[in-house]
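Only the coordinates and a few stated rules stand behind these numbers; no lab work does. Given the structure is predicted, the values throughout are model-derived calculations rather than measurements. Reconstructed Cβ throughout: ideal geometry from the backbone, glycine too, with neighbour counts over all protein chains shown.
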Amino acid sequence: MPSRAEMLRSREPELVADLWLYSSEQGGRRSPIRLGWGCPCTMQKSTDDCWDGYPLLGDQEMRPGESRTGIGFVFISGEAAAKMRAAGKFYLWEGGFIGEAIVRLPSAACTGD
């Protein structure tokens, strides 16, 4: 059975966003994230409505405190991408808020830079 990372490698992004992981000092993670990692995503700094999301990071890990533009995301729920797109911004949760993402226009390319 393929790993989650292998399955995500073949997925098309449901939305593209500029992603910022908070530094450890700002309450973010202490370790980097890689393709296959995912977490609940929410439109407000509240955990009332969350959807599992997965950033499509390719082969490059992303460290706490780092920002990247043009990161593709996929979600478990079909409605999540539309809701995040409509909100324009969403937050990443992992026992606390660890990052945020600004949704790019649908026509923006997924570069991962």
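Taking the number of other C-beta atoms within 10 Å as the exposure measure, put ARG30, ARG9 in order starting with the fewest. List each step's numbers first, then the result.
Values: ARG30 8, ARG9 14.
The order, fewest Cβ neighbours first, is ARG30, ARG9.
A quarter of the convex hull surface defined by the alpha-carbon atoms of the chain gives 6.7 nm² as the mean projection. Taking the fewest neighbouring Cβ atoms within 10 Å as the starting point, the ordered list for VAL74, VAL16 is VAL74, VAL16.
Enclosing the Cα atoms of the range 45-110 in their convex hull gives a volume equal to 102 cubic angstrom per residue. How big is the charge dipole of the range 1-89 about its Cα centre, in debye rounded to the nearest 20, if each Lys and Arg gets +1 on its Cβ and each Asp and Glu gets -1 on its Cβ? Around 140 debye, computed over the range 1-89. Among 44-53, 82-91, the peptide with the highest mean count of other Cβ atoms within 10 Å heads the list, and the full ranking is 82-91, 44-53.
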